[in-house]
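Input: a single structure, listed below in structure tokens.
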Amino acid sequence: MAVCIAVIAKENYPLYIRSVPTQNELKFHYTVHTSLDVVEEKISAVGKSLGDQRELYLGLLYPTEDYKMFRKLHNSFTDVMCNPFHNPGDPIQSKAFDGIVSGMMVQTG
Amino acid sequence: MSVPDYMQCAEDHQTVLVVVQPVGIVPEDQFFKIYKRIAGVSQVSIRDSQRLLYIRYRHHYLPENNEWGDFQTHRKVVGLIAITTCASSKEWPQTAERFHGQKEVYSSTLYDSRLLVFGLQGDIAEQQRTDVAFYPSYEDCSDVEKRVEDFVESIFIVLESKRLDRATDKSGDKIPLLCVPFEKKDFVGLDTDSRHYKKRCQGRMRKHVGDLCLQAGMLQDALVHYHMAVELLRGVNDFLWLGAALEGLCSASVIFHYPGGTAGKTVGRKPSISQPADAGKRHRPGALTANGISADTSTEIGRAKNCLSPEDIIEKYKEAISYYGKYKNAGVIELEACVKAVRVLAIQKRAREASEFLQNAVYINLGQLSEEEKIQRYSILSELYELIGFHRKSAFFKRVAAMQCVAPTIPEPGWRACYKLLLETLPGYSLSLDPKDFNKGTHRGWAAVQMRLLHELVYASRRMGNPGLSVRHLSFLLQTMLDFLSDQEKKEVTQSLENYTSKCPGGMEVITLPDGLKLPPVPFTKLPIVRSVKLLNLPVSLRPHKVKGLLGQNMSTASPFIYSPIIMHNRGEERCKKIDFQWVQGDVCEVQLMVYNPMPYELRVENMGLLTSGVEFESLPAALSLPAESGLYPVTLVGVPRTAGNITVNGYHTSVFGVTSDCLLEGLPGLKTSGCLVEVIPSLPRLQLSTSLPRSAHTPQPMTKEELSSTVSVQLFNGETQQLTITLENIGSEDIETLELTSKIVSTKEKVFGEFLSWELEEALSHLPLKPGQSVTLTVGIKVKLDFSGQENLLQDLNDDGISVTGLPISSPLRQVLKPRAETKTVSESGKAEYSHVKTLEAVLNFKYSGGAGKVEGYYRDLSLGVHVDVEPSVFFTRVSTLPATSTRQCHLLLDIFNPTEHELTVSAKNNQDLVLHASECQRMAIQVDKFDFESLPQPDQETARFTNPKQLEEERQHAQGCQINSKLGICWTHPSLRRRGEASVEGVLNQLVLEHLQLAPLQWDVLVNGKPCDCDVIADCKVGDAVSLEVKLTNLSKNSVGPLALTVVPYQDFQNGVQNYDLEDAVTFIGSNTFYIDTVKPKESSVCVGALLFLYTGDFYLNIKFQDDSAGRELPLAWFTLPSVHIRAMDTPLQAGA
């Protein structure tokens, strides 16, 4: 079950962050923030071993049953990035993206 | 055992534990001084064996932990060094007693002990004792290290003997079962003879021997023993000890692989004696030591095989920890193992696996922990995360530790510690406390968590009792996180900021924390946001101007070329920085800021002023109040430069919410500025103008309002004059030394005749230099003379008598357009309004003045006064025509004069009677004038004639002619009722035809009868029968020669009834020819031809002197050839005589 979905920019700041129990958002902020350590570690490891090969999917931080989740989210993210009016690096403010995210939360959560 | 040692690392397994403790009263600082010296002896090379013994010193060790000494021998206290102060020998027994008491605590495990006595002198100190050393004072104890080394050696001997003892007694004897404290009760009543039990004993003993070997510096032996122990214990499922054996194996391997240690900074190992190559060899000489004890045979087994690979180490750690995990009471052991593994992984740079170990460590339950222990635990977790590069996790746990410091359950919350820990978390949240880092572009980061942290910092610093610090943090929060604060939060933050600043105002000083951290000042560049900074020029009237002629002085860069693109380019760059206007010393100058209030409520900014450099500057701060979400709002900051030079506006200072900020422009994002460097020139005087005429709001069109200091306005009738008195007062602080006055008529469609403004400056100049406060007056004459010709429509209206208007060209387009109006030609009210409309005339009077230091530098100031005149029509000349007078030298000028005003008007001309015109009345006035000799007007010299365009030249000529005519005519008008009078000019009304008529022909014909000039109505008398001499004289005043010409004199009689009798052959006879021939007459010459007539009868005769058609050479205008008609009255002689 997804309780929190966040999209992080490569400069380490959230482009998008949303969680289902809205009353304790700060907790999720902390969780996501601290988990970035692992992401950073993974990215640096990829850079070292694989060189040019670019595997964008880092794998799961924690095993999840629903592996379509990433694909779905990533597709929607790609759509957002394709929006000519979106300025890469700005926080994501897209209704479609919002919809996908809430769909994932409702569906699973 | 409940207290974990978080500082443990794998190589601690090879150390022996020595406790150093004070006995009796020992000053703390002295104790630690000695402790430090003792701790310096951390490794001792054992004589004759080349082995190294590592010592771990503790000044505090729980006896409870000591009980685990059998499980892992490095937990066992094997040495005790007691430090005591003993002033006199009397105290000695008591001290010795205490020392023994101390020994008792660790007696079960202690190998050896020492007592260091300080301060005791005398007999007792003289005696040589191995276990006690006497020193006169804490300063005088040079051989402490030597003593400790001896002590360590003695420990080694015991250790070595124990090792050998345990290692060899494997056969036969019953091996005791080693156990940990909590196991003891489990083994009660167990069958000690079973194979299982024996194996267990063997395994545990092997493991123990392995520990001893490791401590004794025999790494390979230790590995072998551990391996054997693992096998034995695995067989009997003795998991706790299996775990210990595996951990031992790991520790030994780690020591082998990483001789530099895994603890990082804490260990002062000497790398030179612990090379990996040596590590293997080390034991071998040891095996063949002098004491003849042969090493274990297993040493021959390849050490590479025994030693675990780096990957295996982790695997075995994992296994060991999982075994420990089975026992609730071994939590501390498990936790420590985790910590040790993490340290190893950190060295291997396998951060993610390390994090798994740490994750495990987080969940190990150690039962009830005190708050202090919790803090310690979180701190150590944070440190370990930091070690593996997980900065965010590290920050998270540090923050948790900080919060633990002030948990509500703690009676005395440690806000200081909390604050210190919170500060340490800043890098983990990528937060620096320097606002400069946030100036670059938009803020990007984890605003939610960062804000939380900042709030906590504020709160902690407040509780610490340092309001200055809270103000700084709160300012920082407000400045950097403004975009992320909701309106409600903004309100809250600012409210609490105001609360704090009421006690401790915030400033721009750097706050230095006790630990050396510097908190840079936080200028509120976003409260308000400044979008643009523009240095304003002085008001036009105060702007300094450079005297052109003096430019040469500073044209040092002038090149011989008039134009060079390179120089221009350089100048351009220079200009970029420097604004090309000047400020004047001592005069208020302004800088305009466009500011914006991002707050959802009104923002009060106090004490806002400029920060400048380069010139002494007196800033005059302003206070402003910006409405909520104001949008761009202009704010003008003012100041007075007190010295001359180049001034740079660096920024501005504000005071918002009780926090003063110095905001530098260079740090402001998205700021528009056109340059901040301006030259301040030395002071100049200031002039103030006041006039006798009322001021007006009119501004001459091409000028802007600010260009003129003031404008005066006056209403005049066309042709009227008015005096304008201007008072100039020096309101500055410098003397006015020079004054110049110029005027300029602002482009107007109206044609102005005569001089509009005239003045005499000499009188005013004689008062110079004008001291401050003094004033001088100046009179300027205003004279308006516009076109007096009637307008088209007026003419239309009046043109009802069918006489063609000679005043205007027939083909004027206006005329055609207006034709239809002729139908409604009654001089209606509306029509009247149209032609009586008011024209305006505007001019600018320019005062240039200078003085003081600015004049020396070549600057002056300009003060402009606008003059606005509404010109009402006075009279109109609706029509002009000429009638020839009787004399060819004269003619009649007929003027149709119209009075457009609503008052009675009197018009007078020279030698003419006054003409009274009622309102809207038109009357004709005839003025007899002498014809004009326009040739006598000064001609423009050749030079100027060549360069001005012909049309202009023509205009000028006409103007000159008009002037001449005008001055001759001298037409004046008077409004008796209004008591106003003025002149009227026909200049604009005259057209070419009229001018021609008025012009004296260049060919002057003089006809003399009997030697008397005969012209006009002069009647020449003659006697019948007498010859009358007729003389015709041609004077050529034209530029070309004229002629030859033939003239015929035709006499005739006018019967005054329209009949002219030319048949006079009987009455008049010519003596000689009746035809005159005039040869070519050169310019400026004259020719005379003489003939004679004889009148035979009395009567009035006329002589018509005509040109013969062929001779006139028709290229010259006809008017030139008009000769006066001659009237001769022939009379009888007797009659004449009789009369």
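Being under 29 Å from B:MET228 (Cβ atoms), surrounded by fewer than 23 Cβ atoms within 10 Å (Cβ to Cβ) and at pLDDT 85 or above, is that true of even one residue in the stretch B:294-309?
So far as the stretch B:294-309 goes, yes, one or more of its residues are under 29 Å from B:MET228 (Cβ atoms), surrounded by fewer than 23 Cβ atoms within 10 Å (Cβ to Cβ) and at pLDDT 85 or above.
Only one of (1) farther than 26 Å from B:ALA401 by Cβ; (2) within 14 Å of chain A (Cβ to nearest Cβ); (3) surrounded by 15 or more Cβ atoms within 10 Å (Cβ to Cβ) fails for B:ALA448. Which number is that?
B:ALA448 satisfies all of (1) farther than 26 Å from B:ALA401 by Cβ; (2) within 14 Å of chain A (Cβ to nearest Cβ); (3) surrounded by 15 or more Cβ atoms within 10 Å (Cβ to Cβ) except (1).
Across the stretch B:119-170, what is the number of residues that are farther than 19 Å from B:LYS103 by Cβ and in a strand (DSSP E or B)?
Count: 1.
Would you pick out the residues in the stretch B:382-397 that are facing chain A (nearest Cβ under 9 Å) and of a type in the set (S, T, N, Q)?
The one that is facing chain A (nearest Cβ under 9 Å) and of a type in the set (S, T, N, Q): B:SER394.
Test of understanding: among B:ASP211, B:ASP193, which residue is assigned to a helix (DSSP H, G or I) and either of a type in the set (D, E, K, R) or modelled with pLDDT under 85 (or both)? Spell out how you get there, then give the answer.
Working: B:ASP193 fails: assigned to a helix (DSSP H, G or I).
After ruling out the rest, the residue left standing is B:ASP211.
Of the residues B:VAL3, B:VAL41, only one is touching a residue at least 40 places away in the same chain (Cβ under 8 Å) and either crowded, with 18+ Cβ neighbours inside 10 Å or of a type outside the set (A, V, I, L, M, F, W, C) (or both); which?
Residue meeting the stated conditions: B:VAL41.
Please tell me if B:PRO408 is surrounded by fewer than 17 Cβ atoms within 10 Å (Cβ to Cβ) and within 14 Å of chain A (Cβ to nearest Cβ).
So B:PRO408 fails the test.
Hey, among the residues in the stretch A:7-21 that are within 13 Å of chain B (Cβ to nearest Cβ) and not in a strand (DSSP E or B), which one's nearest to A:LYS72 (Cα to Cα)?
Looking at the filtered set, the residue picked out is A:LYS10.
Can you give me the number of residues within the stretch B:27-80 that are within 22 Å of B:PRO4 (Cα to Cα), in contact with a helix residue (DSSP H, G or I) (Cβ under 8 Å, 6 or more places away or on another chain) and part of a loop (DSSP other than H, G, I, E, B)?
Residues that pass the stated criteria total 4.
Of these, B:ALA337, B:ALA354, B:ALA341, which one is out of contact with any Gly (no Cβ under 7 Å at 6 or more places or on another chain), within 14 Å of chain A (Cβ to nearest Cβ) and under 19 Å from B:HIS257 (Cα atoms)?
B:ALA354
Out of B:SER486, B:SER502, B:SER470, B:SER496, which single residue is surrounded by 22 or more Cβ atoms within 10 Å (Cβ to Cβ) and more than 30 Å from B:ASP587 (Cβ to Cβ)?
Testing whether each residue is surrounded by 22 or more Cβ atoms within 10 Å (Cβ to Cβ) and more than 30 Å from B:ASP587 (Cβ to Cβ) leaves just B:SER470.
Return the residues of the stretch B:363-381 that are part of a helix (DSSP H, G or I) and either in contact (Cβ under 8 Å) with a residue 40 or more places away in the chain or more than 14 Å from every other protein chain (Cβ to nearest Cβ) (or both); say none if nothing qualifies.
Scanning the stretch B:363-381 gives B:TYR363, B:GLU371, B:GLU372, B:GLU373, B:LYS374, B:ILE375, B:GLN376, B:ARG377, B:SER379, B:ILE380.
The values are calculated or read from the model by the stated rules, or taken from the named source; none is laboratory data. As the structure is a prediction and not an experimental result, all values here were calculated from the model. Positions of Cβ are generated from backbone atoms using ideal geometry, with glycine treated the same way; all protein chains shown enter the neighbour counts.
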